[in-house]
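One structure is given below, encoded as C-alpha cells.
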Amino acid sequence: MSQEEKKVAKTGNEAFAEAMRQINPDVVAAYPITPATEIVQIFSQFVADGMVKTEFVPAESEHSAMSACIGASACGARAMTGTSAQGLALMWEMLYIAAGLRLPIVMAVVNRALSAPINIHCDHSDTMGARDSGWIQIFSENVQEAYDNLIQAVRIAEHPDVCLPVMVTTDGFILSHCLETLAMLSDEQVSQFVGPVPNRTDLLSSLEKNQPITIGALDLQDYYFEHRRQVAEAMVKAKRVIALIGDEFAKLSGRHYSFVEPYRLEEAEAAVVVMGSSTGTAKEVVDSLRASGKKVGLLKIRVFRPFPEEEIVKALGKVKVVGIMDRADGLNAVSGPLYPEIAAAFYHHQSRPQLLDFIYGLGGRDVPPRDIETIFSDLLEVTSSGKRNFTVKYIGVRE
Amino acid sequence: MKTAEEKKSTWKELPEGDVLEGASSLQFKTGNWRSIRPVHHPEKCIHCLLCWIACPDSAIKVKDGRFQTIDYDYCKGCGICSHECPKKAIEMVPEKK
Ligand code: SF4
Ligand code: SF4
C-alpha cells in the first residue's frame, strides 16, 4: 500500500473499525449495543477475513467483554473493545478495575443517553458518568478526529508513565452513522506508529523466571491508598504524554491535536465551551455572529480526562461571559457536570469570566444553529448588562 | 499477617498496578474469622471427598485419595463441607465451647 494518505467516505463506526484493523490488536472482546454495534461487527468481519491477527471474543455481556479485555491486557496483550450507554453502564465495575490495575485497554465509546426512558440517541450521560473511573477520556468532533484519536489512544494508554485505559468517544448517530470524508493513514504508517506493546517488566520477569504472580489482590487499609495515589499520579503524567503523542501524530499526519481547541477567541467577549459533534454547529454560529460584528468565540474540549484546567483558564481567562454547553444533566439541583469543573478551574484566578450553564441535546434532541444563537444572545446580554440572572438553562426542551 | 514493625512501602516505592508474588493468599489466615468449627468423625467417613471438592478455601487435606485432616489456619467455618457430606461425618460446633 502506498504511503499516500487515502481519502475515503466513512461513518464514525466504520472509521473506528478501520483504525482498529490498522492497529491490529491481540484481543477484541465485545458485546453489541446500538449505536456502537457496527464497530465490532465490521471488525469481526476483518477477523473472519484474516485481515488481522486478533483473537475475537464474542462475550455474553459488556461486563464480560471488559473482563476479557482486562484478562488479556494483564497478560501483556493489546486489548480493545467498543460500547455505548447501557453497555458502558454494565461495564461499570470493570472500568474501575481496568484503571486500578493499570491496564492500557482502548475502548471506542459511542455516546448515547442512559435509560430510563429508553433512548438510543446521543447525549454524554454515559461517558460523563465514567469521568472519575480513572479512564482517560477523549471526545471527537467529527469522524476524522475519531479515527485519529483512537490511533493516538493506543500509544497514550501504553506509555510506561501512564498505563491507564483510554476511551475515545463519538456522538451517537450524529457521528457514528453519518458519512464524512476521512483521510486515512496507510496500514504501515499506523502499524509503525503504534508499534509493538511495550513490555511490562513486572509481568515479563514472572514469565521468564516461571514464577506465578498475583494481580489485583486484596489491598485493604494498608496499601489501597498508595495504589490509588499511583493512579492519580499516572493521570497527572498522562498530560505530558498526550501532548507528546499529539506532536508525534502531527508529524505523521499533519493534523495537530491538543487538549482544547480555541476557535475565534481573539478578543472574544462571549464564548461557549462545547464537546463532541455540536462543536461543528457552534463554529458555524460563531462565524455568522462574527460576520455581523459580534465578538464571540468557542472553546472545544477534546481531552476531558485528564481535565485540562490550565489550558481552559488560559484560553478563556479574558472572556467576559462563558456559556458551558453540557450534553448531560448532573441531576444535582445545580447544573450539568461540565459547569462545576470549569467554575472550579477559575476559582483561584482574579481574571475570570461569568459562567452560565446550558443543558442541551439530551436523548438526541436536535441542536440547530438557532439554539446556539439563543445561548450567545443570553451571553451577550450578560456582557452588556453585567447581570447574570440564572445559573442553568435548558436549551431545546419544550417549556 | 504483616508484623507491626514491617516497613511499609510509600506510593512511590510500591510496584504499580497491584502486582505481587504468586500465592500471596497463603499469608492470609482466613481461619481467624471462624466462629463455628467443622469436626470430622472418621468412623462415619466413606472418603467420597465431596467435602474436599466443595471447600472454598482448600482447607480439607487429602492424602492417597483419603480424607486426612482440616487445616484450621485457613478453614473459615462456612459449613459447606458439613452440608455436602452424605454421611454427616462433619459436625459444626461453636468455637467457644
Ligand atoms: S467449614 Fe468451610 S472452610 Fe472449613 S473446611 Fe468446611 S468447607 Fe472448608
Ligand atoms: S464428604 Fe463426608 S464422607 Fe465424604 S470424604 Fe468428606 S467427610 Fe468423608
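Coordinate-derived values only; no laboratory data. Keep in mind that this is a model prediction, so the values were computed, not measured. Cβ atoms come from the backbone with ideal geometry, glycine included; neighbour counts cover every protein chain shown.
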Practice problem: Determine, for each peptide in A:138-145, A:191-198, the mean count of other beta carbons within 10 angstrom over its residues, then list the peptides with the highest first. | Solution: A:138-145, A:191-198
Quiz item: What number, rounded to the nearest 500 deg cm²/dmol, is the helix-based mean residue ellipticity at 222 nm of chain B, given -39500 (n - 2.57) per DSSP H run of at least four residues and division by all its residues?
Solution: -2000 deg cm²/dmol
Quiz item: What's the angle, to the nearest 10 degrees (0 to 90), between helix A:143-158's Cα axis and the longest principal axis of chain A?
Solution: 50 degrees
Self-check item: Kirkwood Rh and Cα Rg combined as Rg over Rh, evaluated for the stretch A:251-399
Solution: 0.94
Exercise. For the protein assembly as shown, go through all pairs of different Cα atoms, get the mean of 1/r, take its inverse, and jot down that Kirkwood value in Å.
Key: 25.4 Å
Quiz item: When a footprinting reagent is the concern and you count Cβ atoms within 10 Å, what order do A:Asp123, A:Asp287, A:Asp371 take, fewest first?
Solution: A:Asp287, A:Asp371, A:Asp123
Exercise. Treating only the Cβ atoms of Lys and Arg (+1) and Asp and Glu (-1) as charged, compute the dipole magnitude of the stretch A:1-126 about its Cα centre; round to the nearest 20 debye.
Key: 220 debye
Self-check item: Order of A:Lys7, A:Lys300, B:Lys87, B:Lys7 under a 10 Å beta carbon neighbour criterion, fewest first
Solution: B:Lys7, A:Lys7, B:Lys87, A:Lys300
Practice problem: Among A:Val27, A:Val334, rank each residue by its count of other Cβ atoms within 10 Å, from fewest to most, as a rough exposure measure. | Solution: A:Val334, A:Val27
Quiz item: What average count of beta carbons from other chains do you get within 10 Å of the Cβ of residues in B:18-30?
Solution: 5
Quiz prompt | At most 16 other Cβ within 10 Å, DSSP loop - GluC sites (Glu not before Pro), the stretch A:270-362 | solution = none
Quiz item: For q = 0.17 Å⁻¹, what log10 I(q)/I(0) does the stretch A:1-94 give under the Debye formula with an equal point scatterer on each alpha carbon and no solvent?
Solution: -0.71
Exercise. Could I have the simple spin-label model distance between A:Asp161 and A:Arg388, label points 7 Å from Cα toward Cβ, reported in nm to one decimal?
Key: 3.5 nm
Quiz item: Got a sec? Which residues in the stretch B:79-97 would a label at B:Ile46 touch, if it sits 7 Å along Cα→Cβ and we count backbone N under 19 Å?
Solution: B:81-91
Practice problem: Per residue of the stretch A:252-269, in order, report the coupling 6.51 cos²θ - 1.76 cosθ + 1.60 (Karplus, θ = phi - 60°) as ³J(HN,Hα) in whole Hz, putting x for Gly and Pro. | Solution: 6, 10, x, 10, 9, 10, 10, 5, 10, 10, x, 10, 6, 8, 4, 6, 6, 9
Quiz item: For the stretch A:6-253, what is the charge dipole size about the Cα centre, in debye to the nearest 20, if Lys and Arg each add +1 at the Cβ and Asp and Glu each add -1 at the Cβ?
Solution: 340 debye
Exercise. Identify the trypsin sites (Lys or Arg not before Pro) of the stretch A:183-235 meeting these criteria: DSSP loop state and at most 15 other C-beta atoms within 10 Å of the C-beta.
Key: A:Lys209
Quiz item: Computed FRET efficiency, Cβ-Cβ of A:Val47 and A:Arg255, R0 25 Å: what is it to the nearest 0.05?
Solution: 0.30
Quiz item: Can you pull the mean other chain C-beta count within 10 Å for peptide A:193-202?
Solution: 1
Quiz item: Expressed in nm to one decimal, what extension gain is obtained for the pair A:Arg290 and A:Asp132 from 0.36 nm per residue of sequence separation less their Cα-Cα distance?
Solution: 53.2 nm
Exercise. Rounding to the nearest 20 debye, state how big the charge dipole of chain B is about its Cα centre with +1 on each Lys and Arg Cβ and -1 on each Asp and Glu Cβ.
Key: 460 debye
